[in-house]
Every structure is written in structure tokens, then in C-alpha cells.
1. Sort region 1-117 into rounded, prolate or oblate with this rule: let a ≥ b ≥ c be the square roots of the eigenvalues of the Cα gyration tensor; rounded if a/c is under 1.5, and if a/c is not under 1.5, prolate when a/b is larger than b/c, oblate otherwise.
2. Out of residues 5 or more away from M174 or on other chains, whose amide H comes under 5 Å of its own, with H placed 1.01 Å from N in the peptide plane?
3. Show me the trypsin sites (Lys or Arg not before Pro) within region 54-157 that DSSP assigns to loop and that have at most 11 other Cβ atoms within 10 Å of their Cβ.
4. Just report the Cα centroid separation between region 264-314 and region 182-235, whole Å.
5. Using θ = phi - 60° and the Karplus form 6.51 cos²θ - 1.76 cosθ + 1.60, what ³J(HN,Hα) does each residue of region 198-211 get, whole Hz, x for Gly and Pro?
6. With θ taken as phi - 60° and the coefficients 6.51, -1.76 and 1.60, list the Karplus ³J(HN,Hα) couplings across region 66-73 in order, rounded to whole Hz; mark glycine and proline as x.
7. What is region 67-190 by shape, rounded, prolate or oblate, if you read a ≥ b ≥ c off the alpha carbon gyration tensor as root eigenvalues and call it rounded for a/c under 1.5, prolate for a/b larger than b/c, and oblate otherwise?
8. For A252 and R286, calculate 0.36 nm times their separation in residues minus their Cα-Cα distance, and state this gained length in nm to one decimal.
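Just so you know, all these numbers are worked out from the coordinates, no wet-lab data involved. As the structure is a prediction and not an experimental result, all values here were calculated from the model. All Cβ positions, even for glycine, are placed from backbone atoms using ideal geometry, and neighbour counts span all protein chains on display.
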Amino acid sequence: MTPPPGWTTSLLAELDGYAATIRNWGRWGADDQLGTLNLLTPRRRADAAGLARAGICVGLGRRIGGLPQPDDRMPPLQHMLATGEAAAARGGSHASDWLGMAPHGSAVTHVDAFAHQFFDAVMYNGRPAALVTTRTGAAAGSVEAFADGIVGRGILLDLPTAQGRPWLEPGEGMHPADLDAAAAAQRTEVRPGDILFVRVGRDARAERHGRLDPITGGSAGLAADCLPWLRRHDIALLGSDVQTDQMTPGGAPHPMPVHAGALVLLGLPLLDNAWLEDLTAACAVRNRWEFLAVICPLRLRRATGSAVNPVAVL
């Protein structure tokens, strides 16, 4: 069998091996559509609320729109339906617009639903990929299942700072030892049911060197061997300031083993392209890397993901 573009035979074998050891299919029932979000129990949510000690809110969503950027291959569309240019000199008037965007990619902060990713033609819990169609969208694994909100203990692991660097370079892979070292450096315990954010310093680097298209320029990210670590720690949701997976410069098309392993095997939702610079500064000044995390995907029917503006409350 010829591996699909970007995938190697060894990487496919590695994912096949993980399927036998970390797969969460059936763990919460054959009809489950929440996956690891089941780990966010009422008790854990209530405990997480106690982390909002200072009442400081930090938005984790990237700005949308503006001038085209290299990492935004599908810029959002804004069509003005009414403007203030012809506002009545007396009495009421209004402005309104129509907005359209593709949430997936490297420019928009978004949550991936299980219908976004397939491996061996199935999605989480063994549902056929064919349930996602042009005509009806996602008949299973839709982001609508997350519409009650994702709330729990958030933690931030700042990998570059733990390594004495301002950022990781495009193409660098993060491994379990890197995650453990960052947690130890921050004296932060990773617990079951955590909403984990991993910073690679994408935006600090962009401030100095300009923004990159990760498809051609590469991106630091998690390597496939992080999947057992995520399962062992029972992470409820994984977020990062990149698209989660390690991407090699000039190496497109890129395999996405962490996307495949997390979304399909673990049933672990991903949050890509978070804005983590403000949160990093807020956590560093307090020397506290845990907070109440609140993520509210739109109640989109039969959709593979949703743009979000997560909020960390410290």
C-alpha cells in the first residue's frame, strides 16, 4: 500500500500501534459525541471556578480580518449591507454586515470537531467518514455537540521559556520530555480533565521576523509520540498557538498525526491558533500557570469546527 501524501509507512504503523493502546472508542458509550470533554465533570468545573482569584480576563482569540497575511490562505469576507455613509441627519439609522470565514487553517482561533478528521476512513468512536457529505455536512461528530460550552481548569505550558528561549523555530518537534520539563519548570501539575494550552512562541517570533505560512515555512508543534502522554494524563482539550502538529519547512503536504490521533483515536478536541502572548505575560507576573478556561463554540449544525474567542480567568 502506498502511503498517502506526506505520510510514511513508519508513521502509519506508529498510528496503527497507538490505535491498539490509547483509543478511547466506547469508553463513554457507543453513541458518545463528547469524547474527552466527558472528563469535565460538574465537580471539576466547580473546582476550576475557584481559580478565578483576581477576576482578570484574558482573551485567547486571534484578531480576524485586516490586511492579508502569509498565514491566512482563506481571508474572511465582510460585505457591508448598510453603512453610516447615508445616515439620516435626524432620526435613527443603522449599519450591518455579512461575515463569512473558513475557521480551519492557521489564521483563525478555532475548535476542531471530530468530523474534521479521519483516519482509515473513520472518525472518533468508529463512525464512518462518509457521514460527512457535501449535501448534509456532518451527520455525526459536529461541533454542535460542544454547544453547552467547554469549561474547566486551564493550564499553560510555556515551552520556549522552559528552554531559555523566546520561541521555538519552525519545524521543531515537541516530545513528552519537553512537556514534562515545562510543567516541572513552572511547578505546575498536569491533572486529569485539564484544558491544556501549549505555547511554542509563534507570535513572539512573528513580531521579530514576520508571519510565516506554516504550509511552506513550517511550524513548531507536537510530535506523534505525545499522543500516549495526552492519553496518560487524560487531557480534556488540547490547545496551542499553532496548528498543534509539527510541520517541516518546505515539507508540504504535511501529515497531521496528532490531529489524527487526538481527534480520531482519543476523541480529544483541539483548539488551534490560540493567542497566548497576553496569557503568558499574565501568568508569568503571577507565577501561576492555572486558571479558569471558558470556551464557547457556536451552536453550528452539522459543522466540522467553530471559530472561538476563549477566555482565561485568573
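1. oblate
2. G221, L222, A223
3. Here the trypsin sites (Lys or Arg not before Pro) that fit, given the DSSP loop and packing criteria, are R63, R90, R135.
4. Using only Cα atoms to place each centre, the spacing works out to 12 Å.
5. 10, 9, 10, x, 3, 7, 5, 5, 5, 4, 8, 10, x, 7
6. Along region 66-73, the couplings run x, 5, x, 10, x, 8, 10, 7 Hz.
7. Because a/c hits 1.5 or more and a/b fails to exceed b/c, region 67-190 counts as oblate.
8. My answer for the length gained is 8.2 nm.
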